[in-house]
Amino acid sequence: MAKKLYVGGLPYTTTQEELQDAFAKAGTVTSATIIIDKFSGRSKGFGFVEMSSDEEADKAIEMWNGKDFGGRSLTVNEARPMEARPPRRDNDRGGNGGGFGGGHRDRW
């Protein structure tokens, strides 16, 4: 059964192909994804790799966790399921409920 791994500490210039090629040394990579910031379009410095078996995933963890990759030390472990988060609201952050900021009315 496939196992998904979290890979942290990636250099910001790492491509998905480089990530996949590196983890392919431990076995068959089903998928490799680098997480991209939706505003800047740049890498967030972490990603996920899915290995085709538990044994290959364990080998990848042993091979890469704490090791140097592009000048940075990687953190590699089994990915945890994403926790459900409540919907975000402006009031939850102590704001004034959203809307327009002051001083910019002449633009509208």
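A short reminder: the numbers here are calculations on the coordinates, not readings from a lab. Keep in mind the model is a prediction, meaning the values are calculated, not measured. Don't worry about glycine lacking a Cβ; one is built from the backbone with ideal geometry, like all the others, and counts go over all protein chains shown.
Under the classification rounded if a/c is under 1.5, otherwise prolate if a/b is larger than b/c and oblate if not, where does the range 3-76 fall, given a ≥ b ≥ c as square roots of the Cα gyration tensor eigenvalues?
prolate
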query = Given a Förster distance of 35 angstrom, what is the FRET efficiency for Ala2 paired with Arg89, based on the Cβ-Cβ distance and rounded to 0.05?
reply = 0.45
query = What is the total of Lys pairs in the range 3-76 with C-alpha atoms under 23 Å apart, excluding same-chain pairs fewer than 8 positions apart?
reply = 13
